[in-house]
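See structure below.
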Amino acid sequence: MAPSLRKSVPAPLQRAGRRLYVAGGAATSALRVRPDFIMIGASRGGTTSLFRALMEHPDVVRPTFHKGINYFDLSYFRGPAWYAGHFPTRAAARHRVPAGHQPHVFEASGYYMFHPFAPERMARELPDVKLVAMLRDPVERAYSAYQHELSRGFEHETFERALDLEPERLAGEVALMRRDPAYESFSHRHHSYVGRGEYAVLLERWFEHFPAEQVHVLGSELFFTEPEQTFADLAAFLGLPPHEGMHFKRYNAEPRSGMDPATMARLDAHFASHNARLVALLGDAWRAPGWATLGADAGR
């Protein structure tokens with residue numbers, strides 16, 4: 001169904017259609033493709049813009065309905081057949097790419113990177129999948145996430161108060177998530193402004209389950225200032241052939257007032273050691289953005 005036609009269908013009918021499709025897809029899961037690569041985050045890091053850029057490549061195939069299925073974080077209890085139901089059949093995937101080309105199937109869920117159990121779950125079911133992590137200045141990411149949650153009605157505190165409350169809000173939530181795979185922690189998902197920006201800690205957890213050569217990390221700032229080269233590096237990692245005429249736009253950029261300088265200084269100080277740890281973790285092969293190298297200098 002074309003996007004314009006899909007938008008004209010009432011939302012309840014869209015949801016019912018998706019449920020029927022996924023149910024039918026689960027019944028034929030053996031015939032369906034699995035992702036070759038997954039964008040794991042970070043949320044509010046520019047992943048929507050990168051997703052749209054990837055969709056311009058003729059060899060790339062996305063899930064049938066949503067860019068993010070949220071299987072390895074929120075819906076793991078539904079099982080692998082349910083996950084497979086979101087992807088096209090092998091025959092359909094081959095028809096979506098030029099004749100003689102190999103389809104590169106992917107999905108993108110910004111919560112995967114932060115979810116405590118996503119790495120081991122993904123490694124268990126997709127041990128050979130390639131992972132893409134897009135990292136934004138953690139200070140800017142935290143404030144952007146706050147503004148996003150505020151606009152959705154999921155946050156009601158000031159930014160400074162929300163930062164103070166984060167440890168209390170998240171306390172004990174991982175234990176509840178471990179006890180019940182179907183449990184969705186509201187605060188872990190919506191109120192983790194600082195925790196999601198401690199990138200080295202998060203990536204170290206992924207590296208416990210995936211070798212470094214299966215993980216590609218890029219800075220969102222470099223994607224927006226040097227999109228052609230940054231995308232070419234990613235395409236080489238994914239094994240995508242060159243494609244002329246790519247367009248690079250920025251999506252989901254939300255207008256916002258300036259952050260309080262004292263709050264910015266507080267976050268800069270917090271993230272300095274984390275950024276230094278990130279640079280050391282990824283090594284010289286990583287094209288580190290400016291915020292990361294400043295953090296590395298501050299952490300010495």
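Please treat every number below as a calculation from the coordinates, not as lab data. It should be emphasised that the depicted structure is a prediction, and the values quoted were computed from it without experimental measurement. Neighbour counts are summed over all protein chains in view; Cβ atoms, including those assigned to glycine, are modelled from backbone coordinates with ideal geometry.
Data overview
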| item | result |
| --- | --- |
| Sequence of 209, 191, 247, 104 once ranked by neighbouring C-beta atoms within 10 Å, starting from the fewest | 247, 209, 104, 191 |
| Under 5 Å, built H, 5+ apart or other chain: amide partners of residue 219 | 135 |
| Separation between Cα centres of the range 28-55 and the range 181-206, rounded to whole Å | 19 Å |
| The range 45-109 shape via C-alpha gyration tensor axes, a/c threshold 1.5 | oblate |
| Computed magnitude of the charge dipole of the chain (debye, nearest 20; Cβ of K, R +1, Cβ of D, E -1) | 1400 debye |
| Potential extension, residue 228-residue 77 segment - 0.36 nm per residue separation minus Cα distance | 50.4 nm |
| For the chain, the spread of Cα positions along each principal axis, largest first, Å | 55, 40, 38 |
| Neighbour-count order for 279, 174, 60, fewest beta carbons within 10 angstrom listed first | 174, 279, 60 |
| Residue-averaged [θ]222 nm for the chain, counting only DSSP H segments that reach four residues, each worth -39500 (n - 2.57) | -14500 deg cm²/dmol |
| For the range 144-226: relative contact order, % (alpha-carbon pairs under 8 angstrom, 6 or more apart) | 27 percent |
| Highest-first arrangement of 135-148, 117-130, where packing means the average Cβ count within 10 Å | 135-148, 117-130 |
| GNM result for the chain, Cα springs below 10 Å: residue of 178, 52, 32 fluctuating most strongly | 178 |
